[in-house]
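This report concerns only the one structure given below.
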Amino acid sequence: MSKTGDRTWERSFTLVGLTAYTGLWRSWTRSWSADRVFPTTFLGLGGICLGTFAALLSTHAFVLTAVMVVAAFVLILVAVGLFVLGVPAWLTPRWYRQRSGA
């Protein structure tokens, strides 16, 4: 598989999560809950950090490499936690709270 194809899922998750979070894509609220959409932002950003970590492995930027792997771990862990436990109201955007009455 090509390098570009390997990283498509990260961009896709980030794009879905960010467009939903910013309110550019609101039609998803008719059929999905926030627990299924908003965590994708964290999952995608974690994947991007993981890809950056992999790219930096062959360099001598040890501190940046360590920061990327820790950030990837934390972001992916947060995404899994949000998928499993649900998204707290304070983490949802204002437009979503006003629309759902939370």
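The values are calculated or read from the model by the stated rules, or taken from the named source; none is laboratory data. Everything numeric in this text was worked out from a predicted model, so none of it was measured. Here the Cβ positions follow ideal geometry from the backbone for every residue, glycine too, while neighbour counts run over all protein chains shown. Accessible surface is based on the protein model in full, side chains and every heavy atom, while ligands, DNA and RNA are left aside. Shrake-Rupley method; radii C 1.70, N 1.55, O 1.52, S 1.80 Å.
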Cβ-Cβ under 7 Å, sequence separation 6+ or interchain: first residue in region 27-49 and over 19 Å from Ala89 (Cβ atoms) and open to solvent by 20 Å² or more (accessible area, probe 1.4 Å), partner among the β-branched types (Val, Ile, Thr) and in a helix (DSSP H, G or I). Which pairs? Leu43/Ile76; Leu45/Thr14; Ile48/Thr14
Single residue of region 60-94 satisfying the filter (among the hydrophobic types (A, V, I, L, M, F, W, C) and farther than 19 Å from Phe42 by Cβ) that is most open to solvent (accessible area, probe 1.4 Å): Phe62
Would it be correct to say that Thr14 is open to solvent by 30 Å² or more (accessible area, probe 1.4 Å) and of a type outside the set (A, V, I, L, M, F, W, C)? no
Exactly one condition in (1) closer than 18 Å to Ala20 by Cα; (2) in a helix (DSSP H, G or I) is false for Val87; which is it? (2)
